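Structure, as structure tokens:
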Amino acid sequence: MITFLICLTLLVASYFTYGKYVERLFGAKKNREVPSKTHFDGVDYIPMPMWKTFLIQFLNIAGLGPIFGAMLGATFGPIVFLWITLGGIFIGAVQDYASGMMSIAHKGLSFPEIVGIYLGRNFKQFIRIFTVFLMVLVGAVFMVGPAGLISGFTDTDVSLWIGIILCYYVIATLLPIDKVIGRVYPLFGFALLFMAVAILGVLFFSSYTIPELTSETFRNKKTDATDFPVFPVLFITVACGAVSGFHATQSPLMARCVTSEMQGRPVFFGAMVVESIVALIWAAIAMAFFNGVEGLNLSLAEHGNNAAWGVSEIANTTLGKLGAVLALMGVVFAPITSGDTAFRSARLIVADFLNMEQKSIRKRLYICIPLFVIGFSITLVDFDVVWRYFAWANQTLAAISLWAVTIYLVSLKKNFYITFFPAVLMTIIVSTYLFTGKEMLSIHYSTGLIFGVLITLLITVVMILMIKKYRKYDPSAI
């Protein structure tokens, strides 16, 4: 319990300390005009109250990430607490805040357009395609996953539920953000938070024992370099609870809805801190409920490493009937809400690329119809293997985002080291996983690690050259 409490305290304190520092670093101003006012269109650029933008942002970036990812990450033992806490504070929260504030500074531009400004035109073309594909893939997966769960609960045809979810996606993506997302998301966001608080109460007021971080906790089978090495597998497994490139694509959605730059810290930095807290809670209950790390590994292995089963088992046992309802909302509605914002992000990215205004529903349809056709087509094939690459692609996107933020801070003559070192870390993580991951190139761990380091050194040298170039620029010209 001591390790857990220390990490929980650090996460809460970071919002008032490091979060405040990051806010000052980015120069947030209370009275400076924001895109929701200067570019109001009644569809995507709409002013909304802070409590609503916070809950929408939280659910946008959360989905099932801080629950499923944290539970699977807990199979590595209490070391997962460190990654969730330190990653959430120094990497995830900074990235989410930066991507949101950069979007505000650039009139609500989407993620690929911002990356292109700071990493170059050629890279922008690649990241546009990469990000749109990733968004459509997320939307497709979050059709099939929830549809399968509902089908199992109701003993009905999964195709029926895919069709129903797809219809919802079409409506949510086309309508103004305050009509569906603005009304439904806060409810589900609150439910996700309530569930986490209830589980936290169980941890505090029950006889469950949370494992402590000691030298012995590093010696479970998950840490064996010939099986699942902590580095880099843990850092890929626990994404949304610590850092996720997907978040950088979502922050611009709320950057178009906040009414003041001073809302950036609670909406962007704060939502990420809360997500890390949720992940910390679920990692703790996963280890405690199944009687330690070994028990958790054995239980999940018996059920095909199905995190949804683990969540349902924990919620039903510890929270009773209420837990069953909340578990259903968590494992079904959370991914659906992430899926529709993924499609919405894809629409906005394409619209920015084509410079096509989105006030007209006809022009929204021009973009949405092809996206939904592709998304639905993906649901018809077996994409289990393809989905394994999503975690890696997601963290690769985080590395790219952090490099873009670094160049942005350099251009403003600000302290760029707060994202430079996280960018290096994320680069070596995804580079090493590219070579050593079992579904990737899967070469010997030591060799793969050497290759990962070499690639990281090469990328870092290139970025240092860019840093030197941008240091010569006048910040007012960027």
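Things to note:
- Being charged (D, E, K, R) and at pLDDT 95 or above is a condition met by no residue of segment 122-142.
- Check on Phe435, open to solvent by 10 Å² or more (accessible area, probe 1.4 Å), free of Cβ contacts under 8 Å to residues at least 24 places away in the same chain and farther than 16 Å from Gly245 by Cα: yes
- Of all residues in segment 1-37, those that are over 30 Å from Ile84 (Cβ atoms), over 25 Å from the mean Cα position of the chain (by Cα) and open to solvent by less than 70 Å² (accessible area, probe 1.4 Å) total 0.
- Against the list (1) surrounded by fewer than 20 Cβ atoms within 10 Å (Cβ to Cβ); (2) over 24 Å from Leu8 (Cα atoms); (3) of a type outside the set (D, E, K, R), the condition Ala342 fails is (1).
- For segment 370-388, the count of residues that are in contact (Cβ under 8 Å) with a residue 24 or more places away in the chain and within 24 Å of Gly87 (Cα to Cα) is at least one.
- Test for Ile336: is it part of a helix (DSSP H, G or I), touching a helix residue (DSSP H, G or I) at 6+ places or on another chain (Cβ under 9 Å) and over 17 Å from Ile150 (Cα atoms): no
- Identity of the residue in segment 229-248, among the β-branched types (Val, Ile, Thr) and either open to solvent by 10 Å² or more (accessible area, probe 1.4 Å) or in contact with a Gly (Cβ under 6 Å, 6 or more places away or on another chain) (or both), that ends up modelled with the highest pLDDT: Val243
The values are calculated or read from the model by the stated rules, or taken from the named source; none is laboratory data. The model shown is predicted, which means the values in this text are computed figures rather than measured ones. In this analysis, Cβ positions are derived from the backbone assuming ideal geometry, glycine residues included, and neighbour counts consider all displayed protein chains. Please note that ligands, DNA and RNA were not included when accessible areas were found on the heavy atoms of the full protein model with its side chains. Shrake-Rupley method; radii C 1.70, N 1.55, O 1.52, S 1.80 Å.
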